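Have a look at the structure below before the remarks.
The values are calculated or read from the model by the stated rules, or taken from the named source; none is laboratory data. All figures in this text were calculated on a predicted structure; none of them were measured in a lab. Neighbour counts run over all protein chains shown; Cβ positions are idealised from the backbone, glycine included.
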Amino acid sequence: MNGKPSPNRYRSDRLMGRLWRDYLRRHTGWMLIALVLMVIEGGSLGVLSYLLKPMFDQVFVGRDEAALWWVGGAIFGLFLLRAVTSVAQRLIMTRVAVTTSTDMQEGILAHLLTLDSAFFQKNPPGALIERIQGDTKAVQGVWQVFITGVGRDIVALISLFAVAVSIDWKWTLFALVGAPLLILPTLLIQRYIRRKTRHLRQQAALLSTRLDEIFHGINPIKLNRLEDYQQARFGGTIDRIVKAQVKMAGSQALMPAMIDIVTGLGFFGVLVLGGQDILSGEKTVGDFMSFFTAMTLAFQPLRRLGAVAGIWQTAAASLERLYQLMDEEPTILSPARPGPQPERHDLEFDDVHFAYEDLPVLRGLSLRAEDGRTTALVGASGAGKSTVFHVLTRLVEPQKGEVRIGGAPIRDMDLATLRGMFSVVTQDAALFDETIRENILLGRRDIPEERLREVLDAAHVSDFLDQLPGGLDAPAGPRGSSLSGGQRQRVAIARALLHDAPILLLDEATSALDAQSEALVQKALDRLSEGRTTLVIAHRLSTIQSADRIIVMDKGRVVDEGTHEELLARGGLYAQLHALQFRSEGPSADRIAAEKMGRRRRNGAAAASDSARRGPASLLGDIFGRWFRR
């Protein structure tokens, strides 16, 4: 959360109020219809218990054959009415519950997608998946329980107690004498259930995180023989979930059990008291049977209402977690009045400082990448190269300094417009479990087939399509697992070509490829970078030798810049990195060429200095001397 929430922010009444305003109010009409049907269903129980009095007194005792038909017909009609209303209201409430649950899932996902990258660094994917899926399911039926309780069970109890009171109010009072004893235990049980449910949801999130880690890292797990270790971690979480579920189930069952005890005590008292009234002739058998049936039928609604408190606390714990997510706020936003999109696309960092919490990454970084040219960033791991990309695209916000595109500060630009100016290709191509076509189009339906074919050819995707069953419509597999590394990269490049953004960001785009795949991908990258402002991160220096400018970074600062040959000739950090990288391959042709160029420049400078000292006559003598020696 951003800031400490108010202790009353997630009170039960406020949670229910937010749930109503955000998701339930739009279904008011359907819920009213369901409520009417439930009232009819609940009220029929009171009528049923009332009909038992004439059934016993007029039919069984009075032997009135005419009463047999109308009483029997009335009872059958009641059961038929209950059947129709029960099916209808269940269909309506299921529709409302499922629709509301999916609306909640969509709303939470839409909100999460607005949050900053820092939020996702602190919250693992498994935990977020569990909140979107598990917590919404836990909440899904809570309003159905409440509406059912209000519409059916409370109405049923009112009608049944009305029948009981009409027969004998003293019997009714005696049956309910133990009810006040349930108030304090109910409050204590509710608090316990909510606390245990919150713990259970946290453990369920941890379980999802464990599974996410296992399935994403299955190959390292196998290679390092970590199967038993991961199984033990998973099993420990499962054990904690089982214990929490058992305790919570016991707590939820405790309230109906206490109602059973109190109700049984009341029945016993009514049986003793009512039996004496019947024996003395004050009440009939029909009176007692009608009363007894009314109280018996009230038993199940009373149990269900007793369980509502536990069900609500279970849902409230999940609802609290969901609204904690919804209350997270993004810190990186578009300005209230965004400036115009720049016409030029040169990139400039001016004294930029950035730190991840207490870890400084960029320490006064200043650099410039020219419009329409290729600029490479090199440096050791941890130099801050990837952070440059994150700051440039406003995935993170620097604590100090300014970043400009075409002279315009990026903080003054609309976020969507800013990010639309970039095409990004990374070493880990982000492909989805869709067809190759869909992975390139990403939902766009305005691309002509001819344009798509041009992109496929330019990215060298066409080279391998014939090898796949289904060609362009072949599935890429989860995370692109059906394709090789080089094929995934070429699909990502085709996507970037189709996006046709003016700025291209390449982050180790060929680092994980073999020589043959790298050559093909590099061709596609060269095609992609034509006419674009291109910023390249590369550890393999052989891939950026042709860059227009190479910027050398160390500990979040620029320590050198120039062309490949210039940097080698100067013998600084770049030359050290180059020598270290090519040490196992012997002297590099590039290094030799650069050293020769350096010697020529030094010799040329020395000769020029000497000539200046010796004068024109000496120079002419040297020229003619060399001519005749030839």
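Observations on the model:
- Selection count where residues are surrounded by 10 or more Cβ atoms within 10 Å (Cβ to Cβ) and in a helix (DSSP H, G or I), scope the range 220-231: 6
- The one condition in (1) in a helix (DSSP H, G or I); (2) touching a helix residue (DSSP H, G or I) at 6+ places or on another chain (Cβ under 9 Å); (3) modelled with pLDDT of 80 or more; (4) more than 30 Å from SER481 (Cβ to Cβ) that LYS283 fails to fulfil: (1)
- Among the residues of the range 262-276, those identified as of a type in the set (Gly, Ala, Ser) and either touching a strand residue (DSSP E or B) at 6+ places or on another chain (Cβ under 9 Å) or within 13 Å of LEU173 (Cβ to Cβ) (or both) are GLY266, GLY269, GLY274.
- Tally, over the range 431-463, of residues that are under 12 Å from GLN487 (Cα atoms), buried (at least 16 other Cβ atoms within 10 Å of the Cβ) and touching a residue at least 24 places away in the same chain (Cβ under 8 Å): 6
- Every residue from the range 545-561 that is in a loop (DSSP other than H, G, I, E, B) and out of contact with any Leu (no Cβ under 7 Å at 6 or more places or on another chain): GLN545, SER546, ALA547, ASP548, LYS555
- Residue match in the range 260-277 (condition: modelled with pLDDT under 80 and more than 30 Å from SER290 (Cα to Cα)): no
- Any hit, the range 150-157, residues being closer than 30 Å to SER318 by Cα and touching a Phe, Trp or Tyr at 6+ places or on another chain (Cβ under 6 Å): no
- Condition met for ALA179 (closer than 30 Å to ARG11 by Cα, in contact with a helix residue (DSSP H, G or I) (Cβ under 7 Å, 6 or more places away or on another chain), of a type outside the set (S, T, N, Q) and modelled with pLDDT of 75 or more): no
- Residue check for ARG210: over 19 Å from SER318 (Cα atoms) and surrounded by 15 or more Cβ atoms within 10 Å (Cβ to Cβ): yes
- The one condition from (1) buried (at least 18 other Cβ atoms within 10 Å of the Cβ); (2) touching a helix residue (DSSP H, G or I) at 6+ places or on another chain (Cβ under 7 Å) that MET421 does not meet is (2).
- For the residues VAL521, VAL491, the requirement of being over 21 Å from ASP371 (Cα atoms) and in contact with a Lys or Arg (Cβ under 8 Å, 6 or more places away or on another chain) singles out VAL521.
- Restricting attention to the range 520-544, the residues being over 27 Å from GLN576 (Cβ atoms) and either of a type in the set (D, E, K, R) or surrounded by fewer than 15 Cβ atoms within 10 Å (Cβ to Cβ) (or both) number 6.
- Filter result (surrounded by fewer than 20 Cβ atoms within 10 Å (Cβ to Cβ) and over 21 Å from ILE332 (Cα atoms)) within the range 370-405: GLU370, ASP371, GLY372, ARG373, ALA380, SER381, GLY382
- Residue within the range 509-518 that is more than 25 Å from ARG437 (Cβ to Cβ) and in a loop (DSSP other than H, G, I, E, B) present: yes
- Verdict on ILE410 being at pLDDT 90 or above and not basic (Lys, Arg): yes
- Verdict on ARG444 being among the charged types (D, E, K, R), part of a helix (DSSP H, G or I) and in contact with a helix residue (DSSP H, G or I) (Cβ under 8 Å, 6 or more places away or on another chain): no
- Within the range 74-81, not a single residue is touching a residue at least 40 places away in the same chain (Cβ under 8 Å) and within 21 Å of LEU302 (Cα to Cα).
- Considering residues of the range 502-539 that are at pLDDT below 80 and of a type in the set (Val, Ile, Thr) only, the residue nearest to the chain's Cα centre (by Cα): THR510
- Qualifying residue in the range 245-267 (condition: under 28 Å from the mean Cα position of the chain (by Cα), part of a helix (DSSP H, G or I) and not small (Gly, Ala, Ser)): yes
- Cβ-Cβ distances below 7 Å connect the following pairs, each with a first residue in the range 83-110 that is in a helix (DSSP H, G or I), a second residue that is basic (Lys, Arg), and a separation of six or more residues or different chains: SER101/LYS137.
- Reported count of residues in the range 245-259, each being farther than 15 Å from ARG198 by Cβ and of a type in the set (Ser, Thr, Tyr), is 0.
- Complete set of residues in the range 24-46 that are more than 19 Å from VAL142 (Cβ to Cβ) and within 33 Å of the chain's Cα centre (by Cα): GLY29
- Count of the range 37-57 residues which are out of contact with any Ser or Thr (no Cβ under 7 Å at 6 or more places or on another chain) and either among the charged types (D, E, K, R) or without any contact (Cβ under 8 Å) to a residue 24 or more places away in the chain (or both): 0
- Taken across the range 257-280, residues that are closer than 20 Å to SER166 by Cβ, surrounded by 19 or more Cβ atoms within 10 Å (Cβ to Cβ) and small (Gly, Ala, Ser) do occur, with at least one present.
- Subset tally (residues that are farther than 20 Å from ASP446 by Cα, part of a helix (DSSP H, G or I) and under 26 Å from the mean Cα position of the chain (by Cα)) for the range 456-501: 5
- Residues satisfying the stated conditions in the range 338-367, i.e. in contact with a Phe, Trp or Tyr (Cβ under 8 Å, 6 or more places away or on another chain) and either under 19 Å from THR426 (Cα atoms) or crowded, with 16+ Cβ neighbours inside 10 Å (or both): VAL361, LEU362, LEU365, LEU367
- Within the range 117-157, being of a type in the set (Gly, Ala, Ser), under 30 Å from VAL36 (Cβ atoms) and part of a helix (DSSP H, G or I) holds for ALA138, GLY149, GLY151, ALA156.
- If you filter the range 326-380 down to residues that are acidic (Asp, Glu) and on the phi > 0 side of the Ramachandran plot, you find that the one that is modelled with the lowest pLDDT is GLU357.
- Residue in the range 575-589 that is modelled with pLDDT of 85 or more, part of a strand (DSSP E or B) and surrounded by fewer than 19 Cβ atoms within 10 Å (Cβ to Cβ) present: no
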